[in-house]
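Visitor: First the structure, which I've put down as structure tokens, then a few questions once you've had a look.
The values are calculated or read from the model by the stated rules, or taken from the named source; none is laboratory data. Worth saying up front: this structure is predicted, and the values here are computed from it rather than measured. A quick note on method: Cβ atoms are made from the backbone with ideal geometry, for glycine too, and the neighbour counts reach across all protein chains shown. Areas reflect the complete protein model, heavy atoms only, side chains present, ligands, DNA and RNA absent. Shrake-Rupley method; radii C 1.70, N 1.55, O 1.52, S 1.80 Å.
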Amino acid sequence: MNTEPVLVDGTKKNCRGIVAQLVDIMSQVGVGAVVDAVVPDAVNREEAINWAKRRGYTIVADTRRGNVFVLSLMKTH
């Protein structure tokens with residue numbers, strides 16, 4: 001199993017674009033995979049967190065790196 005996180009770069013996307021990319025990636029990775037989502041601001045961060053919780057994914061990390069946020073989501077099902 002690949003333990004390297006998959007990266008979704010949403011720095012130049014709005015929430016809809018970030019979530020669409022996450023939907024696509026999460027459908028491709030296996031259970032236990034971690035996907036890192038880079039989001040440009042607090043509003044998109046909250047939307048991505050809410051989406052992940054509604055889908056039942058685990059947020060394993062939520063950090064700020066300079067001007068962006070990085071969410072690490074684990075596929076649990």
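Visitor: Of all residues being free of Cβ contacts under 8 Å to residues at least 12 places away in the same chain and aliphatic (A, V, I, L, M) in the range 1-43, which is farthest from residue 58 (Cα to Cα)? Just the residue, please.
Guide: Among residues in the range 1-43 that are free of Cβ contacts under 8 Å to residues at least 12 places away in the same chain and aliphatic (A, V, I, L, M), the one farthest from residue 58 (Cα to Cα) is 20.
Visitor: Could you please find all residues in the range 51-77 being at pLDDT below 95 and of a type in the set (D, E, K, R)?
Guide: The answer is 65, and nothing else.
Visitor: Sticking with this structure for a sec: Can you find, within the range 2-14, the residue that is most open to solvent (accessible area, probe 1.4 Å) among those that are more than 11 Å from the chain's Cα centre (by Cα) and of a type in the set (D, E, K, R)?
Guide: 12
Visitor: While we're looking at this one, here's another question. Give the number of residues within the range 15-46 that are in a helix (DSSP H, G or I) and surrounded by fewer than 17 Cβ atoms within 10 Å (Cβ to Cβ).
Guide: Qualifying residue count, the range 15-46: 11.
Visitor: Do you know which residues across the range 44-57 are in contact (Cβ under 8 Å) with a residue 24 or more places away in the chain and among the acidic types (Asp, Glu)?
Guide: 47 - this is the single residue of the range 44-57 that is in contact (Cβ under 8 Å) with a residue 24 or more places away in the chain and among the acidic types (Asp, Glu).
Visitor: In the range 47-74, which residues are touching a strand residue (DSSP E or B) at 6+ places or on another chain (Cβ under 7 Å) and either open to solvent by 80 Å² or more (accessible area, probe 1.4 Å) or assigned to a loop (DSSP other than H, G, I, E, B) (or both)?
Guide: Within the range 47-74, just 57 meets the criteria.
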